[in-house]
1. If we scan the range 181-190, do we find a residue that is touching a residue at least 40 places away in the same chain (Cβ under 8 Å), in the same structural domain as residue 276 (by TED's automatic domain parsing) and within 30 Å of residue 44 (Cβ to Cβ)?
2. Just to be sure before I move on: is residue 297 within 16 Å of the ligand (Cβ to nearest atom), crowded, with 17+ Cβ neighbours inside 10 Å and assigned to a strand (DSSP E or B) in the structure I sent?
3. Just name the residue that is farthest from the ligand (Cβ to nearest atom) out of those in the range 266-289 that are surrounded by 24 or more Cβ atoms within 10 Å (Cβ to Cβ), within 16 Å of residue 245 (Cα to Cα) and of a type in the set (A, V, I, L, M, F, W, C).
4. Which residue, of 245, 193, is within 14 Å of the ligand (Cβ to nearest atom), surrounded by 15 or more Cβ atoms within 10 Å (Cβ to Cβ) and in a helix (DSSP H, G or I)?
5. Within the range 146-173, how many residues turn out to be surrounded by 11 or more Cβ atoms within 10 Å (Cβ to Cβ) and at pLDDT 65 or above?
6. Which numbered condition in (1) in contact (Cβ under 8 Å) with a residue 24 or more places away in the chain; (2) touching a strand residue (DSSP E or B) at 6+ places or on another chain (Cβ under 8 Å) is the only one that residue 209 fails?
7. Is there a residue in the range 224-238 that is within 16 Å of the ligand (Cβ to nearest atom) and in a loop (DSSP other than H, G, I, E, B)?
8. Report whether or not residue 95 is in the same structural domain as residue 23 (by TED's automatic domain parsing) and either in a loop (DSSP other than H, G, I, E, B) or modelled with pLDDT of 70 or more (or both).
Amino acid sequence: MNIKNLVIWALRLVAAIIMIQTLYFKFTAHPQSVALFTQIGLEPYGRIGIGVMELIASILILIPRTTSIGALLSTGLMSGALMFHLTSLGIEVDGDSVLFIYALTVFVASLILILFYFKQILTMAQLLFKGKNPFSALMLIMALSLASCSNAQNKTTMTNNSKNKLYSTTDTTPLKVSNDEWKKNLDPEVYNIAREKGTERAFTGQYWNHKELGTYRCKACGNPLFKSDGKFESSCGWPSFFEPISPTSVKYAEDKTYGMERVEVMCGRCDAHLGHIFDDGPPPTYKRYCINSVIIDFEKK
Ligand SMILES: [Zn+2]
């Protein structure tokens, strides 16, 4: 076995083993994996689908005759993953940076494998796209995968309030509406938190790790609640703010459920349950408004 073969085998093993680790995260519904796919609106099928593709890619990479196809597939998958980590999730969060390094390592290993197999890939492309320029075919495949990635990302900021007739970004009059009326207008998961004081699972919401600039509104009525500059990074798994937009944008109530003494935070306009407030926040207020992602709507600046 010469050095070139040794290097190729090492790259195959590195790419496949790390990819098996990341697909294991997807199949076991690792919280950060779930959070990412919830954020791009593709949970759970997108997560499982990508997991299956990673499984196929890692098997193809390990079989010498199909390494080139596996490397092409994993390069595409990992460039998508890197894009999401760099744009919507950020890379500085503890567990997140591990996933980012995984994706980067597999990406680099696959890219080097592609270089080793470049002649074979070109011949393959020539056979597939007879008569056409193989380079343009490769460019086409890359453009398609980039387009599908950015398409999925647009879903991040897309909000659907067409069904909710009680939602308004201009009306500020207090809303006193029966629960039956709320039920007709809210999605079941929003109703559960707003009217039944439910709580979403930590690290599963859309906004716990959201960093774009803009305004967070009440998902039930449209009332502006928090601004991105009042949000801070907390490791609790829910969006955390240290101050509301104005003193009247939220209301407070004592909450003694589950044997705990907590202060509940509600929407100042419609009384929807939003979350709780704690005294362990950062300066200047030292408060932590721990809010469910499901009950907030983000409006980009
Ligand atoms: Zn509200």
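1. yes
2. Values: within 16 Å of the ligand (Cβ to nearest atom): yes; crowded, with 17+ Cβ neighbours inside 10 Å: yes; assigned to a strand (DSSP E or B): yes.
The answer is yes for residue 297.
3. Out of the qualifying residues, it is 274.
4. Answer to the check: 193.
5. Number of matching residues: 8.
6. (2)
7. No, that holds for no residue.
8. No, not satisfied.
The values are calculated or read from the model by the stated rules, or taken from the named source; none is laboratory data. Treat the numbers as computed from the prediction; the structure is a model and nothing was measured. As a convention, Cβ positions derive from the backbone with ideal geometry for all residues, glycine included, and neighbour counts pool all protein chains shown.
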